[in-house]
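Each remark here refers to the structure printed beneath this line.
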Ligand code: BV8
């Protein structure tokens with residue numbers, strides 16, 4: 001990625017209108033199950049069946065019921081209009097950005113449709129149910145396969161590449177994230193400490209970090225994001 005790119009951080013709010021639950025809304029995942037039980041290595045060690053059931057249900061929902069919405073499609077359009085100038089860093093583990101056409105994409109918290117073997121380290125596509133009996137497609141050992149997802153207390157993926165992009169971007173946009181979880185919630189501060197990038201929050205309501213952004217636009221992502229992308233493209237062509 002060249003300098004002066006646009007970095008877009010997305011969170012669960014961008015996938016809400018595709019029918020996928022967020023985490024901290026009233027009807028979110030953490031209203032139904034304790035984060036500590038299903039999104040930590042300790043929870044997985046305590047009760048792997050509960051964790052597999054949590055991710056099996058989300059994997060099933062993603063494949064049976066979710067389609068990219070206008071917000072995902074607008075980000076893919078922006079990348080198509082401005083090749084090599086847009087990087088989407090998503091906290092989401094769904095594949096809706098890919099299915100919308102985004103290519104320059106980092107899943108910093110992993111991917112629901114992949115599994116990782118604790119024994120050989122291989123990361124494999126995994127679309128079906130995963131259980132303690134599931135075998136790693138590579139080393140064939142049973143009982144060592146886990147969702148390829150970053151849990152609390154684990155290192156997010158591709159951080160050096162993300163920080164390089166944050167330090168050289170000209171525009172940082174955060175979409176559909178509550179600003180609760182670090183290091184993602186600290187990205188806007190990192191951008192501002194490194195230069196003069198424009199910072200924008202597009203969300204349903206102010207996030208915890210709202211006051212850190214130079215510009216904020218509130219409303220459903222499927223309306224606010226396409227409008228913002230259209231204005232960006234119009235500004236550039238005027
Ligand atoms: C790390 C994957 C070190 C799993 C997720 C003690 C011990 C260890 C660590 C910590 C600790 N204390 C603090 C920490 C750090 C911890 C953390 O931040 N904890 C919080 C709870 C305080 N972070 C970590 O452990 C991370 N690792 O720190 O390693 C390190 C540090 C620096 C550099 C390198 C390494 C790992 C965190 C990753 C955890 N995994 N997910 C899974 O998906 O099951 S987190 C999960 O919540 C999501 O992935 C997402 O990242 C995160 C935040 O959720 P959001 O996406 O923001 O969703 P949320 O529901 O909160 O908000 C939705 C928003 O959308 C709302 O604002 C809403 O208004 C809006 N919205 C709703 N509808 C719409 C909408 N917007 C637009 N349109 C709509 N229609």
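The values are calculated or read from the model by the stated rules, or taken from the named source; none is laboratory data. Because the structure is predicted, anything quoted here is derived from the model rather than measured. Neighbour counts run over all protein chains shown; Cβ positions are idealised from the backbone, glycine included.
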- Task: All but one of (1) within 29 Å of residue 5 (Cβ to Cβ); (2) more than 16 Å from the ligand (Cβ to nearest atom); (3) without any contact (Cβ under 8 Å) to a residue 24 or more places away in the chain; (4) part of a loop (DSSP other than H, G, I, E, B) hold for residue 121, so report the exception by its number.
- Result: (1)
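Yes/no matrix, rows are residues, columns are (1) more than 17 Å from the chain's Cα centre (by Cα); (2) surrounded by 16 or more Cβ atoms within 10 Å (Cβ to Cβ); (3) part of a helix (DSSP H, G or I); (4) in contact (Cβ under 8 Å) with a residue 40 or more places away in the chain:
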{"residue": "9", "(1), (2), (3), (4)": "no, yes, no, yes"}
{"residue": "14", "(1), (2), (3), (4)": "no, yes, yes, yes"}
{"residue": "27", "(1), (2), (3), (4)": "yes, no, no, no"}
{"residue": "37", "(1), (2), (3), (4)": "yes, no, yes, no"}
{"residue": "44", "(1), (2), (3), (4)": "yes, yes, yes, yes"}
{"residue": "49", "(1), (2), (3), (4)": "yes, no, yes, yes"}
- Checked segment 175-203 for anything closer than 21 Å to residue 217 by Cα, more than 9 Å from the ligand (Cβ to nearest atom) and not in a helix (DSSP H, G or I); matches are 196, 197, 198, 199, 200, 201
- Return yes or no: is residue 21 on the phi < 0 side of the Ramachandran plot, free of Cβ contacts under 8 Å to residues at least 40 places away in the same chain, outside any helix (DSSP H, G or I) and within 17 Å of the chain's Cα centre (by Cα)? yes
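In contact with a strand residue (DSSP E or B) (Cβ under 8 Å, 6 or more places away or on another chain) and modelled with pLDDT of 95 or more: does that describe residue 208? Walk me through it before giving the result.
On the way: in contact with a strand residue (DSSP E or B) (Cβ under 8 Å, 6 or more places away or on another chain): no; modelled with pLDDT of 95 or more: yes.
Spelling it out, it is not the case that residue 208 is in contact with a strand residue (DSSP E or B) (Cβ under 8 Å, 6 or more places away or on another chain) and modelled with pLDDT of 95 or more.
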- Go through (1) within 30 Å of residue 122 (Cα to Cα); (2) free of Cβ contacts under 8 Å to residues at least 24 places away in the same chain and name the single condition residue 151 misses. (2)
- Query: Among (1) within 19 Å of the chain's Cα centre (by Cα); (2) buried (at least 20 other Cβ atoms within 10 Å of the Cβ), which single condition is residue 145 missing?
  - Reply: (1)
- Item | Selection count where residues are in a loop (DSSP other than H, G, I, E, B), closer than 25 Å to residue 61 by Cβ and more than 16 Å from the ligand (Cβ to nearest atom), scope segment 144-173 | 0
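Just to be sure before I move on: is residue 228 surrounded by 15 or more Cβ atoms within 10 Å (Cβ to Cβ), assigned to a strand (DSSP E or B) and touching a residue at least 24 places away in the same chain (Cβ under 8 Å) in the structure I sent?
On the way: surrounded by 15 or more Cβ atoms within 10 Å (Cβ to Cβ): yes; assigned to a strand (DSSP E or B): no; touching a residue at least 24 places away in the same chain (Cβ under 8 Å): yes.
Here the answer is no, as residue 228 does not meet what is asked.
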